[in-house]
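Worksheet: one structure, shown below.
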Amino acid sequence: MTSGNELQKESRFACNMLALDAEQRNRHELLVHGLREWQSEIRELPNGYAFRFSNDANMIRDLAEFIANEWLCCPFFDFELKVERESGLLWLGITGREGVKPFIRMEFGI
C-alpha cells in the first residue's frame, strides 16, 4: 500500500484537452482571461510563479474553480491558494517539478 504522497507515475507536460467538456472548456477560458486581467503582481518562484489578486469572495471562488479545472487537464501542476487574514492579499501559486516553470510561462503568457 502506498501513501497519498507517493506518485504512481508522472504525466507529461501536455494539457489533456479531453478532460473538460465544451461547456467547461469555455468557462475555463473565460476564467483564464479574467485572471490575467485581474492579477496585480507576479512573483517568480524557484519552481513556478505566484500571482497576486485583490482579496474578494468572488475572486476566491473563481480561483478555486480555475484550480479545479486546471488540475483536471494539467495534472503536473501544484497549486496553492493563500488568503491572508484581515482581508489581506490573495495569492495563487502554480508550481511543479523540473520543466514546469517554462511551461507556465508559455501557457500563461508571462
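For the pair GLU107 and ASN55, a Förster radius of 25 Å applied to the C-beta separation gives a FRET efficiency near 0.50, rounded to the nearest 0.05. The listed residues GLU70, GLU107, once ranked by accessible area (1.4 Å probe) with the largest placed first, stand as GLU107, GLU70. Taking the protein heavy atoms of the chain in the context of the full set of protein chains, the accessible area attributed to carbon and sulfur is 50 percent at 1.4 Å. The Kirkwood radius of the chain, taken over pairs of alpha-carbon atoms, gives through the Stokes-Einstein law at 20 °C and 1.002 mPa s a diffusion coefficient of 144 µm² s⁻¹.
Only DSSP H runs of four or more residues enter the estimate; each adds -39500 (n - 2.57), and after division by the residues of the chain the mean residue ellipticity at 222 nm equals -12500 deg cm²/dmol. Rounded to the nearest Hz, the phi-derived 3J(HN,Hα) couplings of the range 100-105 under the Karplus curve 6.51 cos²θ - 1.76 cosθ + 1.60 (θ = phi - 60°) are 6, 4, x, 5, 4, 4, where x marks glycine and proline. Taking only alpha carbon atoms, the range 10-56 gives an Rg to Rh ratio of 1.06, where Rh is the Kirkwood radius. Averaging Cα coordinates gives a centre for the range 67-101 and one for the range 13-48; these two points are 10 Å apart. If only the Cβ of Lys and Arg carry +1 and only the Cβ of Asp and Glu carry -1, the dipole of the range 64-110 around its Cα centre is close to 140 debye.
Estimated at 0.36 nm per residue, the fully extended path between LYS82 and ARG97 surpasses their Cα-Cα distance by 3.4 nm.
With all protein chains in place and ligands, DNA and RNA left out, the 1.4 Å accessible area ranks GLU98, GLU29 as GLU98, GLU29, largest first.
A simple charge model with +1 on the Cβ of Lys and Arg, -1 on the Cβ of Asp and Glu and nothing else charged puts the dipole of the range 19-110 at about 180 debye relative to its Cα centre. Counting only protein heavy atoms and using a 1.4 Å probe, the accessible area of ILE94 comes to about 0 Å². Accessible surface computed residue by residue for the chain, with neighbouring protein chains in place and a 1.4 Å probe, gives 67 Å² per residue.
Ignoring the sites themselves, the chain has its longest run without trypsin sites (Lys or Arg not before Pro) in a DSSP loop having at most 15 other Cβ atoms within 10 Å at 13-84.
A simple rule links phi to the HN-Hα coupling: the Karplus curve 6.51 cos²θ - 1.76 cosθ + 1.60 with θ = phi - 60°, which for the range 55-70 gives 7, 8, 4, 5, 5, 4, 4, 5, 5, 5, 5, 4, 4, 4, 6, 5 Hz, with x for Gly and Pro.
The values are calculated or read from the model by the stated rules, or taken from the named source; none is laboratory data. From a predicted model like this one, the values you see are computed outputs, not experimental measurements. Glycine also receives a Cβ, built like all others from the backbone with ideal geometry; neighbour counts cover every protein chain displayed. Ligands, DNA and RNA are stripped out before the accessible areas are found, and what is left, the full protein with its side chains, is counted by its heavy atoms. Shrake-Rupley method; radii C 1.70, N 1.55, O 1.52, S 1.80 Å.
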